[in-house]
Every structure is written in structure tokens, then in C-alpha cells.
1. Kindly sort A:R43, A:R73, B:R179 by accessible area of their heavy atoms, largest first, with the probe set to 1.4 Å.
2. Report the gain in length on full extension from B:L52 to B:W176: 0.36 nm times residue separation, minus Cα-Cα distance, nm rounded to one decimal.
3. One-quarter of the Cα convex hull surface for the stretch B:94-171, in nm²?
4. Counting only other chains, what is the mean number of Cβ atoms within 10 angstrom of the Cβ of each residue in peptide B:178-189?
5. Could you please state, rounded to a whole Å, how far the C-alpha centre of the stretch A:20-46 is from the C-alpha centre of the stretch A:116-149?
6. Along Cα→Cβ, 7 Å out, is where each label goes; now give me the distance between the ones at B:L104 and A:Q121 in nm to one decimal.
7. Using only the heavy atoms of the protein chains and a 1.4 Å probe, how would B:F178, B:F49 rank by accessible area, largest first?
8. On average over all directions, what projected area in square nanometres does the stretch B:68-199 have, based on the convex hull of its Cα atoms?
Amino acid sequence: MVSKIEIIRQMENKSELFLSVIESHKGILYKIANSYCKDSEDRNDLVQEIIVQLWKSFENYDDRYKYSTWIYRIALNVAISFYRKENRRKEIAHPITDSILNFAETSSTDDTEKNINLLQQFISELKELDKALMLLYLEEKSHQETAEILGISETNVATKIGRIKNTLKQKFSSIKT
Amino acid sequence: MEDTEIINLWKSYDKKLNENLLLNRKNVEEIIKMKAQSLLSTMKPIKIFTVLVGIFWVGLGIIVLSNIYFYAFVEANKFFLFSATIQVGLTAIALFIYLYQLILIYQVDVSEAILETQEKLASLKSSTLWVARILFLQLPVWTTFYWNESMLENGNAFLYMVQAAVTLSFTFVAVWLFRNIKYENRDKKWFRIIFNGNEWNAVIKSMELLSQIDEYRIENQTKNENFGGVKKSV
């Protein structure tokens, strides 16, 4: 029989492992939350909701997939369906008011910085599913991995990405001219 | 801007994030210590109250009506009896759909592929419109339950005409709403007036998402069919 101490140790190990997975993939959480929520309070709630869902399914994590694939699936699913929570703060049992992810956005006049802001703005204007696809493309996920995350064929991934990329390029060129 | 420039731009953003993004580990530890929320705790109190009132209403209706059917059917006012049966029956169906949909949404596995999960969630959420359609169907019985045989025997032409006009117009409105409450009419003014508020915004949003999913699915199928066709012809 497994002793109480052993169970506690296992739980601590599980929590530690989970924390280190989150730590090494925190950028994914930030980028997804930032693309799907404009309001900073909503963003924090979304990150919290994503972490809750990741923790809930951590036990059933299928190690045939990479951690990043697993995180993308859950985080994007939670972000896309975040609209269902009509009264978000009240639906979270104990909303954490401090930011979970802290990043000081700079308002630099530097060209790269400006373009990054434009790119973020264009991404946030995309429809929910196109946004997910674009994020995966920018993260340089292979068509196979993108197809696995989204649940569509690789050929469909290629066509869709091509279209969204063209839209982005047009938007950039309309700004520059 | 070229593809590589866009990718490089994203990489520089990623680099900045890696250097400056801080995770508040204490908060994450707090989150994972929280007990999993039950379905009930995710519902707003007003929703819980409405569902409880609905259950009470249907329960009471079933008890009262079944007693009348079993023990006092002959002497009962049939207008009241049949109207109330339709009303309670429709409310019970609407309540069942609503609760069943809530439970299924709560059970959806978010670690599945995005299109599959979103399709399940959005279809379930948009089925809330069915609840409204069914509830509107009971409109006519609210104009018939108070009638009785003596009113029918002793009434005059004016009373009959007013009653018929009211019942027919309520029936017309109920059937019209039942047929027209659908996604295609979401931009119509009457639709916006009826379905105003956060709960309904989420339903409309879920239907918009369903049409996005359809676009992806149709394209997926077309691509697969074309690919299959090419393979077959080879």
C-alpha cells in the first residue's frame, strides 16, 4: 500500500513538474492571451483559466505529443471559447487579482517595435480560428503539428495559411503606402 | 513585407518575451491548489435561481395535473387541463435541454483538437436558442387556460371574436418565432431586441464560430475529396 507520505511526495513532484512546464512555456500563454483578449483584466482571467484547464488535464497528458502541442491545444481551446463566460470574474472561484504573467510592454518608437505592435494588432483583428492558425504559423510549427492541434488536414493548413499571410501582407503594405 | 520579415518580427517579439516575461509562481501554485469547480459553482446565482424555479414549477405542475388526470378528469375544466399540460410539458422540455446542454458543455474535453472541441462547445451553446423557441411555443395556451364551458355557452359574439383574435394572434406569433429564431436572422432588429444581454451574446458568438468551423470543414472535405480523386485517377 502506498503511504500518505509517498502520496504527498508524488503530488509535490507532480506540482513541481507542472510548474516547470508552465515556466518553460509561459511565452505561449502570454502570446495567446494577448491575441484573444484586449482588456488586461480579462487577459489575466484567461491565463488563470488556461492554467486551471492545463492542471486539470495534466494527469491525462499523452506523452506521444510534445508539451507545446498539448499546451497549444488547451490554451487555444480555452481562449477561443472564452466568449462563453459572460461574467468572467464571477465565474472564477477565487479570481487572482495580481498578474500571473508580468511583462512590461514598451512604447518605443523603434521601427521593429512599431511593426511588432502592428502585427499584434492585425492578428487580434483576425477571426478566432484564423488567429489560432496564424499564431501556430508564426511559431513556425510544422504543417503536421498545426494540423494535429487544429484537427484539419495538412493541405488545408497550407491553403489557409497562404490566405491569411496574404491578408497580413496587404495590411502591412496599406500602412506603409 | 515578406514572409521571412514577418517571421523575424515575431522572433524578435519572442526573444523580448523570453528575456522579460516573468511568471508569478506563487499565483500558479495557488491556482493548482484550488479545488476543481463544480458545475453549480460556475453558474451565476440568477441562473441557479431560474433553474430551481423551473424545476419547482414543472414538479408542481406534474403533481397537480397527474392528480387531475387520475382522480378528477371527468369534472375538470378541460381548457385549463390541456392548456396547463401543454405549458408544463413545454417548460419541462426546455428545462431538460438547458440542463443537458450545461452538463455536456461542462464535460467537454479541451485537450482535443481545436475544431472538434469548438464544434461541440459552439453547437451546445447555440442550442440555447432551442430553449427560447420552445418556450415561445407556449404563448397561445396563456390565452386559453382560463376558459370554461359556461363561458362558451353563455358568451356573446363580441367575446368570441376578441378571444379568437387574441388566441390566433398569440398562435401566429408563437409559430412565427419558432420558425424564425435562427442564426440567419441574428442581425434583424426584432432578434436583437429579444436576444439582448450577455447570455445571448455568447449564443450569437457561438453561432458565428460555428459558421467559421463550417468554412474550415467544407474546405477540409473538398481538399480530401480532390486528393482522393487524384489518387483514384492515378
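1. Heavy-atom accessible area, descending, gives B:R179, A:R43, A:R73.
2. Working it through step by step, the gained length comes to 41.7 nm.
3. Working: hull surface 26.1 nm².
Mean projected area of the Cα convex hull: 6.5 nm².
4. 0
5. A separation of 15 Å, based on Cα centres.
6. Here the modelled spin labels are 4.2 nm apart.
7. Working: B:F178 55, B:F49 125 Å².
Of B:F178, B:F49, the descending order of accessible area is B:F49, B:F178.
8. In nm², the orientation-averaged hull projection of the stretch B:68-199 is 11.5.
The values are calculated or read from the model by the stated rules, or taken from the named source; none is laboratory data. It should be emphasised that the depicted structure is a prediction, and the values quoted were computed from it without experimental measurement. Cβ coordinates were reconstructed from backbone atoms using ideal geometry, including for glycine residues, and neighbour counts include every protein chain displayed. To get the accessible areas, we keep the full protein, side chains included, count just its heavy atoms, and leave off ligands, DNA and RNA. Shrake-Rupley method; radii C 1.70, N 1.55, O 1.52, S 1.80 Å.
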